[in-house]
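One structure is given below, encoded as C-alpha cells.
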Amino acid sequence: MTATDPEAVAPVPLSLLRGPGATTALHHELRRTHGPVAPVVLDDGVPAWLVLGYRELHQVTADAELFSRDPALWNRPGTVPDGWPLPPHTGRGAPPVLHTTGPQHTARAAVIAHALAAEDPFRLREQAERFADELVDGFCARGRAEVIGQYAVPLPVRVLAWLLGFPPGLAPELQSALEAVAGGGEGAVEGRRRLSAAVVELVVERGRAPQDDVATRMLADPAGLPEEEIARDLTLMLLAGHRPTSDWIGNSLRLMLTDHRFAASLSGGRRSVVEAMNEVLWEDPPAQNVAGRWASRDTVLGERHIRAGDLVVLGLAAANSDPEVRIDRTALTGGNNAFFSFGHGEHRCPFPAREIAEVVTRAGIEVVLDRLPDLDLAVAPEELARRPSPWLRGVASLPVRFTPAAALGARR
Ligand code: HEM
C-alpha cells in the first residue's frame with residue numbers, strides 16, 4: 001500500500017507508543033497493518049512517518065542529505081508538540097549541532113567528539129563511583145529507597161556536570177532545570193533559560209580560567225568555533241545525555257530486579273550487569289523514537305511516497321525488534337551491538353558519548369548492587385509504571401528494599 005500523505009490513510013497516534021507495558025506487540029501490529037513505514041500523528045495532530053523497519057531505518061539514517069536534520073525543510077512549520085525532548089531549533093541564533101548539516105555539522109560533531117574522547121576513562125569511572133557512593137550514602141541506612149528519583153536521575157547529572165566543567169555545587173540546579181525541560185509546557189521554557197544561563201557562565205569562566213574539562217577543550221579546539229555554538233552544544237550534551245543515561249540505569253535495574261535471567265540480588269555478578277545493559281539496548285531502549293528527519297525532496301521509502309518536507313520519526317525500538325533481523329527474539333542478545341539505540345549515520349550519538357554513558361550506567365548499577373547486595377523490589381513488578389512519553393522510555397519509579405547498611409562516609 002502506498003500513500004502520499006501521512007494523514008490520508010488513518011494515521012496512528014504516536015501516543016499509543018507511550019503505554020505502560022512492552023511496545024513490541026504494538027510494533028508488530030503496526031508493521032502488519034502498515035508495513036515498515038507507518039503514517040502517524042504526534043500530539044497536537046502533527047503528521048509524520050514512523051520508520052519501523054530495520055532496513056528502512058538504515059536507509060534514512062545513512063543518507064543525511066535526503067533525510068536531513070534541518071527543520072527549516074519542514075512543510076508544516078509551526079506547532080511543535082509539547083513533550084518533544086529536543087524540540088527542533090526554529091528560533092534565532094546558532095542551532096545546536098543536532099540541527100546543523102553538511103561540513104558545518106562535521107566540524108561541530110568533531111569538536112564534541114574530541115572533547116569527550118580526551119576524558120580519561122579511569123578518572124571518569126572513579127568519579128562516577130564516587131558520586132554513586134555519595135548518593136547511596138544518602139539512603140542506605142533506611143532499608144528502602146526509590147532508585148529512579150534518588151539515584152538514577154541525579155547520578156548522570158552529577159557526572160555530566162563534573163565532566164563538562166561546572167562547579168561541584170551546581171548539579172542540583174542543573175538537575176532541576178533539566179527536569180523542568182523534561183516536564184514540558186511553560187516550565188520547559190524557563191528550564192531551558194536556566195540551563196543556557198548556567199552554560200554561558202561556564203563558557204565565560206573557562207575562557208578566563210581553563211581547566212581539564214570538556215568546556216575548556218571545546219574552547220581550545222583548533223576549529224575555533226564561536227562561543228555561542230560551543231554554548232549551544234554544551235547545553236545539548238546536558239539535554240541529550242542526561243535522561244537517556246538515567247533511563248539506561250533504571251531500565252537495566254528494572255530488568256535485573258524482575259527477570260530471573262539477570263537476577264540482581266546476591267549472585268547477579270558483573271557479567272549479568274553487562275548482559276542486562278545490552279538486553280535493554282535491544283529490547284527496552286531509552287530513546288525509543290527520535291524526531292526527526294525531514295525529507296529534502298520527494299522520495300519513496302518502504303513503498304511510501306514521502307513528500308519534500310515531511311517529518312520522519314526514527315522508530316529505534318521498533319527497528320531493533322524487526323523480525324527481518326531478530327529471527328529468534330527469545331535468545332539473549334549477548335555481545336551483539338547491531339541495535340539502533342544510539343542512532344546511526346552522521347547524526348548518531350557520538351562514540352565517546354556512548355562510551356561515557358556506558359561507564360556511568362555500569363558504575364551506577366555495580367555500586368548500588370555492591371553496596372546493597374540484597375536489593376529487591378518493594379512492589380509487585382506489575383505495579384511498575386513507565387513515564388508516559390512516546391519518545392524517551394523509562395521507569396517512572398522503582399521502589400526497592402534492602403538490609404540497611406552503613407554509609408561509607410570516606411570514599412573508596
Ligand atoms: C544511554 C545514553 C544515551 C543514549 C541512548 C543516546 C542516544 C542518542 C541518539 C539515539 C542520538 C541520535 C539521534 C539521531 O540520530 O537523530 C543521539 C545523539 C546525540 N547524543 Fe546521545 N545518547 C546517550 C548519551 C549521550 C551522552 C552521555 C551524551 C553527551 C555527553 C550524548 C550526546 C549526544 C549528542 C551531542 C548527539 C547529537 C549528535 C549529532 O547530531 O551529531 N548522548 N544520542
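Which one is most open to solvent (accessible area, probe 1.4 Å) among residues in segment 280-305 that are within 11 Å of the ligand (Cβ to nearest atom) and assigned to a strand (DSSP E or B)?
Ranking the candidates gives VAL290 first.
Give the number of residues within segment 32-88 that are among the β-branched types (Val, Ile, Thr), surrounded by fewer than 20 Cβ atoms within 10 Å (Cβ to Cβ) and within 24 Å of GLY241 (Cβ to Cβ).
1
Please determine whether any residue of segment 112-127 is open to solvent by 50 Å² or more (accessible area, probe 1.4 Å), within 20 Å of ASN251 (Cβ to Cβ) and more than 17 Å from the chain's Cα centre (by Cα). Talk me through it step by step, then tell me what you get.
The first filter runs over segment 112-127 and keeps only residues open to solvent by 50 Å² or more (accessible area, probe 1.4 Å), leaving 114, 117-118, 120-123, 125-126.
Imposing the further condition that a residue be within 20 Å of ASN251 (Cβ to Cβ) reduces the set to none.
Within segment 112-127, none of the residues are open to solvent by 50 Å² or more (accessible area, probe 1.4 Å), within 20 Å of ASN251 (Cβ to Cβ) and more than 17 Å from the chain's Cα centre (by Cα).
VAL274 is checked against (1) of a type in the set (Val, Ile, Thr); (2) at pLDDT 95 or above; (3) surrounded by 15 or more Cβ atoms within 10 Å (Cβ to Cβ) and fails just one. What number does that condition carry?
Failing condition for VAL274: (2).
Residues being more than 21 Å from the chain's Cα centre (by Cα) and not in a helix (DSSP H, G or I): count how many of those fall in segment 68-100.
11
If ALA161 meets every condition in (1) out of contact with any helix residue (DSSP H, G or I) (no Cβ under 9 Å at 6 or more places or on another chain); (2) under 30 Å from PRO404 (Cα atoms) apart from one, which number is that one?
If we test ALA161 against (1) out of contact with any helix residue (DSSP H, G or I) (no Cβ under 9 Å at 6 or more places or on another chain); (2) under 30 Å from PRO404 (Cα atoms), just (1) comes out false.
Yes/no matrix, rows are residues, columns are (1) farther than 14 Å from GLN59 by Cα; (2) within 16 Å of the ligand (Cβ to nearest atom); (3) loosely packed, with under 13 Cβ neighbours inside 10 Å; (4) at pLDDT below 95:
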{"residue": "ARG307", "(1), (2), (3), (4)": "yes, no, no, no"}
{"residue": "GLY315", "(1), (2), (3), (4)": "no, yes, no, no"}
{"residue": "ILE327", "(1), (2), (3), (4)": "yes, no, yes, yes"}
{"residue": "THR330", "(1), (2), (3), (4)": "yes, no, yes, yes"}
{"residue": "GLY334", "(1), (2), (3), (4)": "yes, no, yes, yes"}
{"residue": "ALA338", "(1), (2), (3), (4)": "yes, yes, yes, yes"}
{"residue": "GLY343", "(1), (2), (3), (4)": "no, yes, no, no"}
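Modelled with pLDDT of 95 or more and buried (at least 19 other Cβ atoms within 10 Å of the Cβ), is that true of LEU98? Show your work before the answer.
Working: modelled with pLDDT of 95 or more: no; buried (at least 19 other Cβ atoms within 10 Å of the Cβ): yes.
No: the conditions fail for LEU98.
Are any of the residues in segment 143-152 surrounded by 17 or more Cβ atoms within 10 Å (Cβ to Cβ) and within 14 Å of the ligand (Cβ to nearest atom)?
Checking segment 143-152: at least one residue is surrounded by 17 or more Cβ atoms within 10 Å (Cβ to Cβ) and within 14 Å of the ligand (Cβ to nearest atom).
Exactly one condition in (1) open to solvent by 30 Å² or more (accessible area, probe 1.4 Å); (2) under 27 Å from ALA182 (Cα atoms) is false for ALA107; which is it?
Condition not satisfied by ALA107: (2).
Condition first: touching a residue at least 40 places away in the same chain (Cβ under 8 Å), more than 10 Å from the ligand (Cβ to nearest atom) and in contact with a helix residue (DSSP H, G or I) (Cβ under 6 Å, 6 or more places away or on another chain). Now tell me which residues in segment 89-120 satisfy that.
Answer for segment 89-120, where residues must be touching a residue at least 40 places away in the same chain (Cβ under 8 Å), more than 10 Å from the ligand (Cβ to nearest atom) and in contact with a helix residue (DSSP H, G or I) (Cβ under 6 Å, 6 or more places away or on another chain): ALA94, VAL111, ALA117, ALA118.
Is it true that ARG261 is at pLDDT below 90, assigned to a helix (DSSP H, G or I) and either crowded, with 24+ Cβ neighbours inside 10 Å or away from the ligand (no atom under 13 Å from the Cβ) (or both)?
So ARG261 fits the description; yes.
Can we say PHE131 is among the aromatic types (Phe, Trp, Tyr), buried (at least 22 other Cβ atoms within 10 Å of the Cβ) and part of a helix (DSSP H, G or I)?
yes
The values are calculated or read from the model by the stated rules, or taken from the named source; none is laboratory data. As the structure is a prediction and not an experimental result, all values here were calculated from the model. Note that we place each Cβ from the backbone using ideal geometry, even for glycine, and neighbour counts take in every protein chain shown. For the accessible areas, the whole protein counts, side chains as well, though only heavy atoms, and no ligand, DNA or RNA atoms are used. Shrake-Rupley method; radii C 1.70, N 1.55, O 1.52, S 1.80 Å.
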